[in-house]
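Take a look at the structure set out below.
The values are calculated or read from the model by the stated rules, or taken from the named source; none is laboratory data. Every value quoted in this text rests on a predicted model; they were computed, and no experiment measured them. Neighbour counts are summed over all protein chains in view; Cβ atoms, including those assigned to glycine, are modelled from backbone coordinates with ideal geometry. Accessible surface is based on the protein model in full, side chains and every heavy atom, while ligands, DNA and RNA are left aside. Shrake-Rupley method; radii C 1.70, N 1.55, O 1.52, S 1.80 Å.
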Amino acid sequence: MSIGPILSGRLPNSFTAGRLNQQIQSAQAELQRIQDQLTSGQQYLAPSESPASALATIVLQTRLERQEQFKTNVQTDRSLLSATENAVSSVSNSVNAAKGIILQGIGDTSTQAERDGLAIEVGGLLRQVLNASNTQFRGRFLFGGTENNSAPFELMGNGQVLYHGNSQQIGSIVGVGQQIVNNLDGDSAFNVLTTVESNDLDVALTFDTRLSDLHGGTGIDLGSFDVVVQDGATTVSRTVDLTFAETVADVKTIIEDAFAGQPITVTVDVDPLSRSGLRLTPSSGTVAVSDIAGSRVARDLGITSVATAQLSGKNVNPVISIHSRLADLNGGTGVDAAPGTGLLIRNGDNSTVIDVSSTDTVQDLFNRIRLANPDLDVGISASGDGITIVSRLAGAELSIGESNGTVATALGIRTLTANTLLSDLNEGTGAQLQSSGILEITRRDASTVSVDVSSAQTVQQVLDAINTVDPGNLTATLNAVGNGISLVDNSGTGPLTVAASDTSSALGLAGSETGTDPTVALAGNDVNSRKSQGLISVLTALEQALRNGDDAELTKLHSQLDVEANRIFQTIGELGVRARTLDDVENRLLDDEVLINETLSQEFDADLAEVLSAFVAQQQVLEATYRVAGQGFQLSLIQFL
């Protein structure tokens with residue numbers, strides 16, 4: 001700050017004193033500001049001193065606060081994943097212990113009493129696994145998905161385990177646009193769910209279909225397109241805008257309204273042949289459809305075409321939804337749910353017949369299933385073209401069959417069909433028929449036939465092999481109730497018997513029907529029920545196999561434990577990858593924090609060397625002002641002459 005000059009000449013003392021006082025106050029204020037910078041270490045104490053720097057500082061401080069929250073999230077995620085990894089690792093120890101028990105219990109080296117003792121050990125292993133699966137950390141159950149306020153696994157009275165959690169992930173934000181999953185749901189950790197998923201149910205296009213449900217659920221890009229109808233010299237052209245259309249019915253209305261009252265009109269309906277696309281029909285002449293520049297809505301609707309008498313659109317592949325009508329499934333042929341027919345679902349000890357004769361929509365079907373068995377979850381498949389039924393009972397068998405109809409088959413959820421591969425039977429161990437694939441059948445007239453099924457690959461081929469023995473008299477079909485193969489023989493009134501063998505047992509056919517009514521079928525057993533292959537299910541089956549002395553089952557379970565050990569190892573590896581990702585994220589956050597602090601220091605922090613220099617200079621200015629003031633008020637008589 002410079003010292004302002006005192007003008008020469010005669011000036012009133014009051015003016016001079018005021019000017020000097022102003023300079024002194026200004027110098028003192030500047031000195032105080034510099035002193036504040038020294039004590040606070042800040043360049044500015046009020047935003048008004050430098051609005052641009054103040055705004056930049058606020059932004060940087062906000063970023064720092066956000067970085068701190070990100071670092072806190074990383075630390076929390078790391079602790080959660082570490083606790084999860086420890087729990088899963090303890091389960092892997094149980095796998096190794098179970099494999100050792102199988103080796104002790106298999107064969108003739110152990111007595112039944114010793115096997116019973118080993119079964120008790122397996123029960124202890126199961127409880128250890130359940131304790132690990134119900135691990136709680138920081139008030140949160142680790143393996144319940146988003147249902148983490150209560151224990152996710154419950155041991156039922158029949159030795160089965162009910163999973164109360166879900167498969168949802170919990171994400172944590174660890175950076176701008178970056179999220180890390182910090183949980184592992186119970187199914188991913190322990191493979192507890194049993195899922196039956198239908199095939200493509202080929203839902204038909206209807207006027208109620210939402211445009212967002214087309215093309216496998218990806219929807220269409222709404223926009224405008226041109227429709228031209230022509231009949232001789234008469235041409236009508238309209239640009240159709242579907243920007244606000246939501247359903248196929250809206251498309252129909254908008255197109256038809258565009259030509260209402262014109263010499264040539266257009267009718268829009270669903271193609272009755274394909275039931276999967278639209279059809280445009282002019283009242284006379286031809287119709288042509290093309291997208292305008294920058295739009296693709298006509299192509300997405302499958303209706304772009306040169307002039308034609310009737311435009312049949314392409315398949316727009318609508319996905320199934322809870323609002324889809326059962327009558328619209330299977331290309332519009334629907335589900336034949338006559339009264340007295342339905343689904344027979346066996347889930348563990350629960351066996352339920354579900355009458356769907358009065359159901360209208362997929363949501364109605366889901367409600368019926370949930371009400372009948374609360375341990376089942378139902379929903380739309382991930383692909384969007386079918387449905388799934390999921391059992392939350394580990395160690396329980398899930399079977400879905402018919403109840404005097406074709407409902408399960410039409411819904412694509414029957415667990416044993418004519419197309420089922422024999423290699424998939426008996427929990428994947430298959431029906432190995434190549435070496436001794438002979439069925440010995442004693443018919444009702446006491447005659448015996450041998451049916452060679454050694455070359456069969458599917459259940460249908462087994463049925464065909466039996467049906468060629470005496471067509472129309474010895475008949476093999478799938479069970480009308482439940483699942484399995486049924487034999488009917490009208491050759492007499494004696495018993496109908498299939499001799500016990502590896503082949504007949506693998507196909508579930510070993511047994512007799514001893515009644516005298518030839519119309520009564522020998523109904524085979526269900527050999528294709530589904531069951532989760534996770535550790536909990538294996539331990540449940542292992543305990544029972546040891547008590548039964550079932551060496552074949554023990555051998556199968558040993559193989560399943562090998563598979564489960566590999567899966568658990570991969571799960572632990574996945575958790576390790578997430579932990580390493582968190583390390584990388586934390587290092588990046590620390591690097592970013594350094595850069596932010598450097599920038600913030602430049603904008604906000606005072607340079608102490610510069611401030612000290614300014615302080616000394618300002619002191620000198622103030623002292624000079626004091627000297628000028630002192631000299632200016634040392635008055636003499638000469639100054640008044």
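For this structure, a couple of remarks:
- The set of residues in region 157-207 that are touching a Lys or Arg at 6+ places or on another chain (Cβ under 8 Å) and among the small types (Gly, Ala, Ser) comprises Gly175, Ala204.
- Comparison of Asn566, Asn548 shows that the only residue that is on the phi < 0 side of the Ramachandran plot, at pLDDT 90 or above, within 31 Å of the chain's Cα centre (by Cα) and not small (Gly, Ala, Ser) is Asn566.
- Among residues that are acidic (Asp, Glu) and more than 24 Å from the chain's Cα centre (by Cα), Asp202 is not included.
- Qualifying positions in region 296-320 - part of a loop (DSSP other than H, G, I, E, B) and open to solvent by 30 Å² or more (accessible area, probe 1.4 Å): Arg296, Thr304, Ala309, Gln310, Lys314, Asn315, Asn317
Residue-wise test of (1) of a type outside the set (D, E, K, R); (2) crowded, with 22+ Cβ neighbours inside 10 Å; (3) in a helix (DSSP H, G or I).
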residue	(1), (2), (3)
Gly515	yes, no, no
Pro518	yes, no, no
Ser532	yes, yes, no
Leu539	yes, yes, yes
Leu542	yes, yes, yes
Arg547	no, no, yes
Lys556	no, no, yes
Ala565	yes, no, yes
Leu575	yes, no, yes
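- Residue in region 204-211 that is out of contact with any His (no Cβ under 7 Å at 6 or more places or on another chain), in a loop (DSSP other than H, G, I, E, B), within 25 Å of Asn330 (Cα to Cα) and of a type in the set (Lys, Arg) present: no
- Out of Thr359, Thr352, sole residue that is crowded, with 17+ Cβ neighbours inside 10 Å, closer than 24 Å to Leu155 by Cα and without any contact (Cβ under 8 Å) to a residue 40 or more places away in the chain: Thr352
- Selection count, region 253-286, where residues are in contact (Cβ under 8 Å) with a residue 12 or more places away in the chain, open to solvent by 20 Å² or more (accessible area, probe 1.4 Å) and either more than 13 Å from Arg238 (Cβ to Cβ) or charged (D, E, K, R) (or both): 13
- Among the residues making up region 243-252, those that are open to solvent by 30 Å² or more (accessible area, probe 1.4 Å) and part of a loop (DSSP other than H, G, I, E, B) are Thr243, Phe244, Glu246.
- Just so you know, in region 413-426 the residues that are within 27 Å of the chain's Cα centre (by Cα) and open to solvent by 20 Å² or more (accessible area, probe 1.4 Å) include one that is farthest from Gly332 (Cα to Cα), and it is Asp424.
- Index of the failed condition, Ser537 passing every other in (1) without any contact (Cβ under 8 Å) to a residue 40 or more places away in the chain; (2) touching a helix residue (DSSP H, G or I) at 6+ places or on another chain (Cβ under 9 Å); (3) of a type in the set (Gly, Ala, Ser): (1)
- Residues located in region 333-347, provided they are crowded, with 21+ Cβ neighbours inside 10 Å, part of a loop (DSSP other than H, G, I, E, B) and at pLDDT 90 or above: Val335
- Counting the residues of region 100-128 that are in contact (Cβ under 8 Å) with a residue 40 or more places away in the chain, over 20 Å from Ser559 (Cβ atoms) and open to solvent by less than 30 Å² (accessible area, probe 1.4 Å) gives 1.
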